[in-house]
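Visitor: One structure coming up, written as structure tokens, with questions to follow.
The values are calculated or read from the model by the stated rules, or taken from the named source; none is laboratory data. Since the structure is predicted, the reported quantities are computational estimates derived from the model, not experimental observations. Please note: Cβ atoms are built from the backbone with ideal geometry, for glycine as well, and neighbour counts cover all protein chains shown. Protein only, heavy atoms only, side chains kept; ligands, DNA and RNA dropped before computing areas. Shrake-Rupley method; radii C 1.70, N 1.55, O 1.52, S 1.80 Å.
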Amino acid sequence: IKIIKSGFRRFHSKVNYNCNENLKNFFQKPNKILLFMSRLDRQKGLIELMSAWNQVIDQAEFYNWWLLIAGFGDLKKQVIANANKSNSRIIFNGPIDGDEKNFILQNSKGFILPSYNEGLPISVLEALSFKTTCLISESCNINNLIDSNIFLKIDITKKSNNIKESILKLFELSEKDLEEREESGLKYLEKNHNWEEILYETKIFYEDLCKN
């Protein structure tokens, strides 16, 4: 049995995407975007995330943060209802892919996935490739890094106030702190999920397989 890791290339170039004007305004400074990009269901910890977000709205406004939820699923109506509340600081965008997804990832300062159950979520690796600070639960199976200076840890086994604490830690990070985490995440990705190295390892594996 050979386990082949997922590979990513660093996204060097700026993404040119003509998103709607309403969404584009949210990406203007001093605004900062915390992105949730996944299925809209309970397994992803979305109910707990929205509950926690409702508790930090004052701080989000003070630090200029917005929560952007992108995806599809059974909780769509609940997400829209939360986004439509007065001063919710929640943006709902529906499912995203292609240039739109790359544009949003490139312009997000934070990425959050408080999931109850994952394999190795590709969305987290995508966020790292765009130099985005990630808040993840231990269920995301990157346990060797969960306590490092790359990720902010979420304990989804507790009540949502743990998510609240992690979000507040994100808010309080300075620009320098954010940049250090972004660079650390990118270095991890380039070391452990380098596409060229994975292609080479796969080639050697198949050559050895054919010899035997």
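Visitor: Can you tell me which residue within region 8-25, out of those that are within 17 Å of the chain's Cα centre (by Cα) and open to solvent by less than 100 Å² (accessible area, probe 1.4 Å), is modelled with the lowest pLDDT?
Guide: By that ranking, first place goes to 11.
Visitor: Out of everything in region 127-145 that is out of contact with any strand residue (DSSP E or B) (no Cβ under 8 Å at 6 or more places or on another chain) and closer than 18 Å to residue 173 by Cβ, what residue ends up being surrounded by the most Cβ atoms within 10 Å (Cβ to Cβ)?
Guide: Once the filter is applied, the top-ranked residue is 130.
Visitor: Next question, about the same structure. Can residue 172 be described as open to solvent by less than 100 Å² (accessible area, probe 1.4 Å), among the charged types (D, E, K, R) and either modelled with pLDDT of 85 or more or more than 17 Å from the chain's Cα centre (by Cα) (or both)?
Guide: no
Visitor: Same structure, new question: Condition test on residue 151, is it more than 19 Å from residue 14 (Cα to Cα), over 14 Å from the mean Cα position of the chain (by Cα) and of a type outside the set (A, V, I, L, M)?
Guide: no
Visitor: In addition: Checking the conditions here, which among 45, 7 is at positive phi and in contact (Cβ under 8 Å) with a residue 60 or more places away in the chain?
Guide: Sole residue among the options that is at positive phi and in contact (Cβ under 8 Å) with a residue 60 or more places away in the chain: 45.
Listed here are the residues, each with its yes/no results for (1) modelled with pLDDT of 90 or more; (2) open to solvent by less than 10 Å² (accessible area, probe 1.4 Å).
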| residue | (1), (2) |
| --- | --- |
| 68 | yes, yes |
| 72 | yes, no |
| 85 | yes, no |
| 91 | yes, no |
| 110 | yes, yes |
| 114 | yes, yes |
| 125 | no, yes |
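Visitor: Which of the residues that make up region 187-198 are open to solvent by 90 Å² or more (accessible area, probe 1.4 Å) and either aromatic (Phe, Trp, Tyr) or within 24 Å of residue 1 (Cα to Cα) (or both)?
Guide: If the condition is that a residue be open to solvent by 90 Å² or more (accessible area, probe 1.4 Å) and either aromatic (Phe, Trp, Tyr) or within 24 Å of residue 1 (Cα to Cα) (or both), then 191, 196, 197 are the ones that fit.
Visitor: Determine, yes or no, whether residue 184 is within 27 Å of residue 54 (Cα to Cα), within 23 Å of the chain's Cα centre (by Cα), free of Cβ contacts under 8 Å to residues at least 40 places away in the same chain and open to solvent by less than 90 Å² (accessible area, probe 1.4 Å).
Guide: In short, no.
Visitor: Let me ask something else. Scan region 63-98 for residues that are in contact (Cβ under 8 Å) with a residue 60 or more places away in the chain and either farther than 20 Å from residue 136 by Cα or aliphatic (A, V, I, L, M) (or both) and jot them down.
Guide: 63, 91, 93 - these are the residues of region 63-98 that are in contact (Cβ under 8 Å) with a residue 60 or more places away in the chain and either farther than 20 Å from residue 136 by Cα or aliphatic (A, V, I, L, M) (or both).
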